[in-house]
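Visitor: Input: one structure, supplied below.
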Amino acid sequence: MKVATDYLWFQTAEREQFVRITDEVARFVADSGIQEGFVLISAMHITAAVYVNDWEEGLIEDIREWLDRLAPKRDYRHHRTGEDNGEAHLKNLIMHHQVLIPITQGELDLGPWQQVFYAEFDGRRRKRVVLKAMGV
Amino acid sequence: MKVATDYLWFQTAEREQFVRITDEVARFVADSGIQEGFVLISAMHITAAVYVNDWEEGLIEDIREWLDRLAPKRDYRHHRTGEDNGEAHLKNLIMHHQVLIPITQGELDLGPWQQVFYAEFDGRRRKRVVLKAMGV
Amino acid sequence: MKVATDYLWFQTAEREQFVRITDEVARFVADSGIQEGFVLISAMHITAAVYVNDWEEGLIEDIREWLDRLAPKRDYRHHRTGEDNGEAHLKNLIMHHQVLIPITQGELDLGPWQQVFYAEFDGRRRKRVVLKAMGV
């Protein structure tokens, strides 16, 4: 059995920014030499998400507006600690911070429109995603 | 170590339809011969979800109504591409597109009320779910 | 390859209560002897969640208030069965019932602020979380 681990680093220019990472994940899986197994892509922060959906700019804007409605900026209790990112924590919870992708015949077993995204909700600082693959 | 892969196909009669798939997943695991491990059940589309919850018709209607409130049909930017399914993408994101179930002593290690569902939000066409199991 | 399985039991004093379980998960992984792999932490009930976020009391209160807004108590169809916990099912769906944590060099590969929580939405009875680890 093979196990491989790596980390993707991000420092977004904007506080909120969505970054497509499908190619980075595919390259990591190819390098691992795993033919059959799983790869986990998981944000190591509590104000960022990893999700799978469409690579279409209009939809990405729709998702951002929708998240603003569901988790608006407001005066959260959390801000008494000096933070100002309460809404970013809630967006992390809606979107979930991880996905697990099957590896089949050495490749990401994704549907035709499925792309992997890192969604930053409190950026402009160095943050990480862990990649971990296991299989044969 | 054993790895098994299969795909479930769906073509729902309705645009939005929820389908219980616990038995199909259990059969796949039994056929795999895996006694201890994991099985991933993951929608290969960005307008459908896979989730675990109750097999109770009233609750399923509650979930559908609730999703309509959180992700209403409206004129999304995504529709400029010719699509009309913006809300289906958002429902996929709330519900998440995958679950991972432990396999213990050859069986799905689920709680007494846990059932696996495929939730279609933009159906009436052929769509897929990938099943992937790994273990010993 | 090694596989380990265990169950955490909960009986919360309150109907809704959040319990940090990072230490229990870390101990389980240490006992498993697994150096590289995955550990799944998954609620076995449909009215409880397992999630990763901040260990900060103000934020936990924010999350609870926010969930009350997104999934308010009301007269759900599900209540015709005699239940009164419709909102607890919906909160389970928003928060998701499971997380998968990478094990690297024998430890939980979490970011500095990531803590694992069990979120009970319909407690005061015995409920379970399954822990399953697999790796080398």
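The values are calculated or read from the model by the stated rules, or taken from the named source; none is laboratory data. Fair warning: this is a prediction, and the values are worked out from it, not measured in the lab. With ideal geometry, Cβ positions are generated from the backbone for all residues, glycine too; neighbour counts draw on all protein chains shown. Just the protein is used for accessible areas: all its heavy atoms, side chains included, with ligands, DNA and RNA removed. Shrake-Rupley method; radii C 1.70, N 1.55, O 1.52, S 1.80 Å.
Visitor: Any residue that is over 28 Å from C:PHE38 (Cβ atoms) and of a type in the set (Asp, Glu) - is there at least one of those in the range A:14-37?
Guide: Checked against the condition, which is being over 28 Å from C:PHE38 (Cβ atoms) and of a type in the set (Asp, Glu), the range A:14-37 yields at least one hit.
Visitor: Let me ask something else. Within the range A:107-136, take every residue that is among the β-branched types (Val, Ile, Thr) and open to solvent by less than 30 Å² (accessible area, probe 1.4 Å) and give me the one that is nearest to the other protein chains (Cβ to nearest Cβ).
Guide: A:VAL130
Visitor: Examine the range A:19-34 for a residue that is of a type in the set (Ser, Thr, Tyr) and in a strand (DSSP E or B), and state whether such a residue exists.
Guide: no
Visitor: Count, please, the residues in the range A:35-62 that happen to be touching a residue at least 12 places away in the same chain (Cβ under 8 Å) and either part of a helix (DSSP H, G or I) or surrounded by fewer than 18 Cβ atoms within 10 Å (Cβ to Cβ) (or both).
Guide: Within the range A:35-62, residues that are touching a residue at least 12 places away in the same chain (Cβ under 8 Å) and either part of a helix (DSSP H, G or I) or surrounded by fewer than 18 Cβ atoms within 10 Å (Cβ to Cβ) (or both) number 3.
Visitor: Could you tell me how many of the residues in the range C:1-15 are surrounded by fewer than 16 Cβ atoms within 10 Å (Cβ to Cβ) and either touching a Ser or Thr at 6+ places or on another chain (Cβ under 7 Å) or of a type in the set (Phe, Trp, Tyr) (or both)?
Guide: Summing the residues that are surrounded by fewer than 16 Cβ atoms within 10 Å (Cβ to Cβ) and either touching a Ser or Thr at 6+ places or on another chain (Cβ under 7 Å) or of a type in the set (Phe, Trp, Tyr) (or both) in the range C:1-15 gives 3.
Visitor: Continuing with this model, one more query. Filter the range B:16-34 down to the residues that are surrounded by fewer than 15 Cβ atoms within 10 Å (Cβ to Cβ) and either under 26 Å from A:LEU108 (Cβ atoms) or among the basic types (Lys, Arg) (or both), then identify the one that is nearest to the chain's Cα centre (by Cα).
Guide: Selected residue: B:ARG20.
Visitor: Just to be sure before I move on: is A:ALA71 out of contact with any strand residue (DSSP E or B) (no Cβ under 9 Å at 6 or more places or on another chain), modelled with pLDDT of 95 or more and not charged (D, E, K, R) in the structure I sent?
Guide: Criteria met by A:ALA71.
Visitor: From the set of residues in the range C:63-106 that are open to solvent by less than 10 Å² (accessible area, probe 1.4 Å) and farther than 24 Å from B:LYS91 by Cβ, which is nearest to the other protein chains (Cβ to nearest Cβ)?
Guide: C:PRO102
Visitor: Take B:THR81 and tell me if it is at negative phi, in contact (Cβ under 8 Å) with a residue 24 or more places away in the chain and not basic (Lys, Arg).
Guide: Here the answer is no, as B:THR81 does not meet what is asked.
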